Amino acid sequence: MRRIPTKRKAAIIGGSLGGLFAANLLLRNGWEVDIFERVPEELAGRGAGIVTHPELFYVLQEAGVRVDKTIGVKVESRITLAQDGSVVSERPLPQILTAWSKMYHVLRSALPTQNYHSGTAVTDVIDGPDFAIVTMPDGSTQKFDMVVAADGFRSSIRKKILPEVQLQYAGYVAWRGLVDEMRLSAKTREALFEKFAFCLPPTEQIIGYPVAGLGNSTKAGERRYNFVWYRATSEDLDLPKLLTDATGKHWVSGIPPTLIRREVLDAMEVAAHALLAPQFAEVVTHASQPLFQPIFDLEVPKMAFGRIALLGDAAFVARPHSGMGVTKAAGDAMSLVTELSNQADTIAALSRYSESRTQFGVAIVQHARHLGAYMQAQFKNKTEREMAERYRTPEAVMRETAVPAQF
Ligand SMILES: Cc1cc2nc3c(=O)[nH]c(=O)nc-3n(C[C@H](O)[C@H](O)[C@H](O)COP(=O)(O)OP(=O)(O)OC[C@H]3O[C@@H](n4cnc5c(N)ncnc54)[C@H](O)[C@@H]3O)c2cc1C
C-alpha cells in the first residue's frame with residue numbers, strides 16, 4: 001500500500017470491532033487517531049460466536065494482530081441433525097470459529113491505550129469543507145480531518161444524516177447463548193464438538209458451533225458451544241412480550257439479557273425440548289445467560305458524506321445467516337484505509353470508499369435476506385411458505401450458511 005506522508009487526524013465514533021479495525025489500520029498508515037466509545041467499561045460479547053472468513057484474518061494481520069492457532073476453534077465438517085438426534089446429512093467444510101470477546105481483546109490490545117477514550121458518548125458531528133467538528137459529552141468541540149461513524153446499527157450519526165433510512169424487522173428473532181463444554185453430557189459433546197451443526201425442524205432453524213471458552217481458551221475441555229436459534233416472532237404480538245421485563249418496562253431498543261422474564265425463558269426451554277434434536281435441546285437449556293436479538297435488515301444509499309464515513313453496522317446490517325458482520329466491518333476498514341492511502345484528498349478518498357463498499361453492502365444484505373427467506377415466510381400464506389421451504393434442504397442450508405459469498 002502506498003503511503004501519503006501526512007499526519008491527518010481521524011475521530012472514530014464507536015469502540016467496538018468496526019471502530020477498532022479502523023483505528024488500528026489508520027494508526028498504522030500514518031494517521032493520528034482518537035476512538036470515542038460511550039460505554040465506560042470494557043465491552044463484553046453478547047452471544048459471542050463469530051464465524052471467520054479468510055478476509056478477516058488478512059485484515060487482522062494488517063491491523064497489527066498476530067494470527068495463530070489460538071485465534072479460534074477449528075471444525076472440519078457440518079452436520080444436520082434430525083429431531084430424533086440422528087445425522088441426516090454431513091458435508092466436509094473446514095472453518096475456524098472464534099468468539100466476539102477474542103476479537104475485541106486482540107484488536108484492543110493492538111491499539112495504544114491513549115488512543116481509546118472510554119465513557120465518551122459523542123453528541124454531535126458536523127461536516128465542513130476543511131474539517132469535521134465533533135461535540136463531546138461536556139459540550140466542548142474538536143476538529144478532525146475525518147470522522148468514522150462506527151456507532152453500530154442504531155447509529156445516531158446515520159440517523160442525523162439519513163433520517164429516512166430505517167431498520168426493517170425481518171419477522172423473527174435469534175436466540176443466542178453459550179454453554180461450557182463440561183456442562184454437556186459426554187454423548188452430546190461427542191456429537192457436537194468438532195462440528196458446525198444444524199437442525200431444521202418445521203418452522204425453526206438452529207445452528208451451533210464450538211468457540212473459545214473462558215479466558216479465550218481453545219483447549220478441549222475448556223471450550224464453549226455457541227448456538228443461534230431462529231424463531232418466528234410476530235412484530236405486533238410476540239416481540240413486545242419478549243421485550244417487556246418483570247416490572248412491565250418495554251425495552252424497544254433491546255432488553256438486557258438479565259432482565260428477560262423467567263416465564264419467557266421457561267417457554268423457550270419447553271420449546272427446545274419439544275422441537276429440537278436432543279443434543280441442541282441440551283445446549284439451549286444449559287446455556288448460562290441466553291439472550292435474543294430481533295433480526296433486522298438495514299441498507300444505506302451511500303457511506304460517505306464529505307468528511308464523514310459510515311462503517312460496519314452503522315451502514316449495513318445483514319442477517320446473521322451470512323456470518324459476515326465482523327468480516328464486513330473489517331473489509332470496510334481495509335477499503336477506507338486503502339483509498340485514503342492512494343489519495344491525498346480525504347473527501348475524494350471517502351467518496352471512492354463509499355462507491356465500492358455500498359455495492360458490497362447491498363449485495364450482502366440481499367444474500368442474507370435470501371438465506372433467511374424461509375424464517376420470514378412463517379407469517380405468510382401456505383403457498384409462500386411451501387415455496388420458501390423448497391430451498392431449505394439440509395444440503396442447501398449447510399452449503400450456503402456462513403460461507404464467504406461470491407458476488
Ligand atoms: C458489546 C457488543 C457485543 C457484541 N457481541 C456480539 C456477539 O457475541 N456475536 C456477534 O455476532 N455479534 C456481536 N456484536 C455485533 C458485532 O460486533 C457487529 O455486528 C460487528 O462487529 C460490526 O459492529 P460495529 O463495530 O460496526 O458496531 P457495534 O458492534 O454495534 O458497535 C458500535 C459501538 O458504538 C458505540 N457507540 C454508539 N453510539 C456512540 C456515541 N454516540 N459515542 C460513542 N460511542 C458510541 C456503542 O457503544 C458500540 O460499542 C456485538 C456488538 C457489541 C457492541
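See the values below:
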read-out: Lone qualifier among VAL365, VAL270, VAL283, VAL264 - being surrounded by 24 or more Cβ atoms within 10 Å (Cβ to Cβ), farther than 23 Å from PHE57 by Cβ and β-branched (Val, Ile, Thr); value: VAL283
read-out: Positions within the range 38-58 being within 11 Å of the ligand (Cβ to nearest atom) and of a type in the set (A, V, I, L, M, F, W, C), in sequence order; value: VAL39, LEU43, ALA44, ALA48, ILE50, VAL51, LEU56
read-out: Every pair of residues 6+ apart whose Cβ atoms lie under 9 Å, when the first sits in the range 97-121 and is farther than 29 Å from SER322 by Cβ while the second is within 10 Å of the ligand (Cβ to nearest atom) and among the basic types (Lys, Arg); value: SER118/ARG38; GLY119/ARG38; THR120/ARG38; ALA121/ARG38
read-out: Residue ID - farthest from GLY19 (Cα to Cα), chosen from residues in the range 145-172 that are within 14 Å of the ligand (Cβ to nearest atom) and hydrophobic (A, V, I, L, M, F, W, C); value: LEU167
read-out: Residue among GLU395, GLU384 that alone is touching a helix residue (DSSP H, G or I) at 6+ places or on another chain (Cβ under 6 Å) and assigned to a helix (DSSP H, G or I); value: GLU384
read-out: Of residues in the range 99-115 being within 15 Å of the ligand (Cβ to nearest atom) and not in a helix (DSSP H, G or I), the one surrounded by the fewest Cβ atoms within 10 Å (Cβ to Cβ); value: LEU111
read-out: Some residue of the range 55-63 being assigned by TED's automatic domain parsing to the domain that holds ALA191 and hydroxyl-bearing (Ser, Thr, Tyr); value: no
read-out: Pair list, Cβ under 6 Å, 6 or more apart: the range 67-78 residue free of Cβ contacts under 8 Å to residues at least 12 places away in the same chain, other residue surrounded by 15 or more Cβ atoms within 10 Å (Cβ to Cβ); value: VAL67/PHE57; VAL67/LEU60
read-out: Pairs, first under 21 Å from LEU43 (Cα atoms) in the range 136-158, second more than 7 Å from the ligand (Cβ to nearest atom) and charged (D, E, K, R), C-beta under 9 Å, six or more apart; value: ALA149/ARG158; ALA150/ASP332; ASP151/ARG158; SER156/ASP124; ILE157/ASP124
read-out: Close pairs (6 angstrom Cβ cut-off, 6 or more residues apart or separate chains): in contact (Cβ under 8 Å) with a residue 40 or more places away in the chain and in a helix (DSSP H, G or I) in the range 339-366, of a type in the set (Phe, Trp, Tyr) and surrounded by fewer than 16 Cβ atoms within 10 Å (Cβ to Cβ) anywhere; value: ALA363/PHE407
read-out: Of residues in the range 128-173 being within 23 Å of the chain's Cα centre (by Cα) and among the hydroxyl-bearing types (Ser, Thr, Tyr), the one surrounded by the most Cβ atoms within 10 Å (Cβ to Cβ); value: TYR172
read-out: Residues satisfying the stated conditions in the range 234-259, i.e. farther than 21 Å from MET375 by Cβ and β-branched (Val, Ile, Thr); value: THR244, THR247, VAL252, THR258
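The values are calculated or read from the model by the stated rules, or taken from the named source; none is laboratory data. As the structure is a prediction and not an experimental result, all values here were calculated from the model. A quick note on method: Cβ atoms are made from the backbone with ideal geometry, for glycine too, and the neighbour counts reach across all protein chains shown.
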